[in-house]
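S.K.: Got a structure for you, questions after.
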Amino acid sequence: MSVRVVHVVGARPQFPKLGAVLRAQADDPGVEPLVVHTGQHYDPALSDAFFDALSLPEPAVTLGIGSGPQGAQTGRMLEAVERALTALEPAVVVVYGDTNSTLAGALAATKLGLPCAHVEAGLRSFDRRMPEELNRVAVDHLCDRLFAPTEGALARLAVEGLAERAELTGDVTADATLHAEALAARRSRVLSTLGLERGAYAIATLHRAESTRADALPGLLAALEAAARRTGTMVWPVHPRTAAAIAAVDPGWPARAAAAGLRTIEPLGPLDFLRLVADACVVLTDSGGLQKEAFLLGVPCVTLRSRTEWTETVEAGANRLATDAPAVLEAIEHHLADPRSRTLRRALALELYGGGLAGRRIADALHRMTQDTRP
Ligand code: UD1
């Protein structure tokens, strides 16, 4: 008889990670994987497009929580996830990354006494203004098993006294990126649709709470405008949070930016997005996951933040941190002059992130957890 493993997800970056673990769990007849979707992200472009493109199974439960202030959103999720887990009676619960859905899932599971595993454990930006940083710290200390993506993450868990619960699995983003890259090569026509030439454009994303605040956003917009001018063409799929913030602080900006070569477009599905990243000359972002995806695709990255939790991307010379126009321009020049080939960077990233086998290692560890909890 199989036992249930419930995966709690809800925000865009979690869906490809979920796919990496589910593909590996498909080989395990002893486990019935089920998905609980909190509904943190509800726009079709941020959620349905990912489930369709990555052939993810229909969630067993969708909670429809939606947006709201940090506490209200997390609180509503906590109540609803607790109800869902009580009904589903899983042997093990799995949470991913650092979003409010991760925190609600971990808190609900552990308070119910259910064994909970954290995929992407041990990351720290040491910037407590980020809701994600608070989520990471709390979730790692709550969960019973901690799947560390890198040696650095494993070492940080040990510093916090969590070594016994932790193991090195590699990073599911590597698995997910390789998988989506192969699908995108077959299915995506995004370059011709947008009239772009390989290697002749930059790609940008920006959506974090601390980037879209009125005191930070104008400086970052100026930096993106300068970067667009330098690279000639820049494509920016704009997150709904950011679109609303730009309209509030500087409604005239999109027209000015267009004159500088910046093309703002709607958020893309995962395959078109990955394809655009793979063929860009440089990536500019405040996203955590995209810093690694760029590295794994061999594309240099400028991170529009003063700190990163993915420090190995910086140590490997694949990523530079910059938050104003002069620093962003300097980082772009540095990257464009880097003589290392894409192939070399890709190989380095794949080695650092577990070779694309993290999903397999995690599925095996989850199987062991279900054995431990058998009555
Ligand atoms: C969340 C995660 C972040 C992740 C990001 C990916 C937290 C604290 N942050 O940030 O780690 O990188 O998702 O996108 O969980 N909105 C919509 N439609 C949607 C979802 C959001 O319009 O489907 C708008 C709403 O105005 C909402 C705002 O975006 O208020 C913020 O959404 P929220 O889910 O709170 O955080 P993200 O910025 O998406």
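The values are calculated or read from the model by the stated rules, or taken from the named source; none is laboratory data. Just so it is clear, the structure is predicted and the values come from calculations on it, not from any experiment. All Cβ positions, glycine included, derive from the backbone under ideal geometry; neighbour counts span all protein chains shown. Ligands, DNA and RNA are excluded from the accessible area calculation, which covers all protein heavy atoms including side chains. Shrake-Rupley method; radii C 1.70, N 1.55, O 1.52, S 1.80 Å.
S.K.: Which ³J(HN,Hα) values, rounded to whole Hz and listed in residue order, are derived for segment 270-279 from phi using the Karplus coefficients 6.51, -1.76 and 1.60 in 6.51 cos²θ - 1.76 cosθ + 1.60 with θ = phi - 60°, glycine and proline given as x?
M.R.: Per residue, the Karplus-derived 3J(HN,Hα) values read x, 6, 5, 5, 4, 4, 5, 5, 4, 9 Hz.
S.K.: Here's something else I'd like to know. So, with +1 on the Cβ of K and R and -1 on the Cβ of D and E, and no other charges, what is the size of the charge dipole of segment 150-204 about its Cα centre, to the nearest 20 debye?
M.R.: Result for segment 150-204 is approximately 460 debye, rounded to the nearest 20.
S.K.: Given a 1.4 angstrom probe, what's the average accessible area per residue across segment 197-347, in square angstrom?
M.R.: 38
S.K.: Would you mind counting up the charge near GLY66? Only other residues with Cβ under 12 Å from its Cβ, with Lys and Arg at +1 and Asp and Glu at -1.
M.R.: Result for the local shell: 0.
S.K.: Could you check which residue among THR169, THR285, THR62 shows the biggest mean-square fluctuation in a GNM of the chain with a 10 Å Cα cutoff?
M.R.: Of THR169, THR285, THR62, the most mobile in the Gaussian network model is THR62.
S.K.: Please work out the average accessible area per residue across segment 15-138, using the 1.4 Å probe convention, and give it in Å².
M.R.: Averaged over the residues of segment 15-138, the accessible area is 38 Å².
S.K.: If you don't mind, another one. Once phi is turned into θ = phi - 60°, what whole-Hz ³J(HN,Hα) does the Karplus curve with 6.51, -1.76 and 1.60 give for every residue of segment 207-220, x standing for Gly and Pro?
M.R.: 8, 5, 3, 6, 7, 9, 5, 4, 7, 9, 4, x, x, 5
S.K.: Here is a follow-up. Treat every Asp and Glu Cβ in segment 138-274 as -1 and every Lys and Arg Cβ as +1, leave all other atoms uncharged, and give the resulting dipole magnitude about the Cα centre to the nearest 20 debye.
M.R.: For this selection, approximately 700 debye.
S.K.: Can you give me the Rg/Rh ratio for segment 277-375, using Cα atoms for both radii and the Kirkwood formula for Rh?
M.R.: 1.14
S.K.: Counting only residues 5 or more places away or on other chains, whose amide H sits under 5 Å from the amide H of VAL302 once H atoms are built in the peptide plane?
M.R.: VAL283, LEU284, THR285, ARG320
S.K.: Using the Karplus curve 6.51 cos²θ - 1.76 cosθ + 1.60 with θ = phi - 60°, work out ³J(HN,Hα) for each residue of segment 84-94 in order, rounded to whole Hz, and write x for Gly and Pro.
M.R.: Here the 3J(HN,Hα) series is 5, 5, 4, 6, 7, 6, x, 7, 8, 10, 10 Hz.
S.K.: Please work out the C-alpha center-to-center distance from segment 1-69 to segment 200-263 and express it in whole Å.
M.R.: 30
S.K.: Any number yet on Rg/Rh for segment 158-248, C-alpha, Kirkwood?
M.R.: 1.11
S.K.: Something else now. Bin all alpha-carbon pair distances of the chain at 10 Å intervals from 0 and give each bin's fraction as a whole percent.
M.R.: Here the calculated profile for the chain is 5, 25, 35, 25, 9, 2, 0.
S.K.: Are there GluC sites (Glu not before Pro) in segment 136-210 that DSSP marks as loop and that have at most 12 other Cβ atoms within 10 Å, and which are they?
M.R.: Sparse-neighbourhood loop GluC sites (Glu not before Pro): GLU197.
S.K.: Name the trypsin sites (Lys or Arg not before Pro) in segment 142-198 that are in a loop by DSSP and that have at most 12 other C-beta atoms within 10 Å, would you?
M.R.: ARG189, ARG198
S.K.: Another question about this same structure. Looking at segment 104-232 from every direction and averaging, what is the projected area of its Cα convex hull in nm²?
M.R.: If I average the Cα hull's projected area over directions, I get 11.3 nm².
S.K.: Keeping the other protein chains in place, figure out the carbon and sulfur percent of the accessible area of the chain, with a 1.4 Å probe. All intermediate terms of the calculation are to be shown ahead of the outcome.
M.R.: Details: 8190 of 14870 Å².
So the carbon and sulfur contribution to the accessible surface is 55 percent.
S.K.: Projected area of segment 90-145, taken from the Cα convex hull and averaged over every viewing direction, in nm²?
M.R.: On the way: hull surface 13.3 nm².
Over all viewing directions, segment 90-145 projects a mean Cα-hull area of 3.3 nm².
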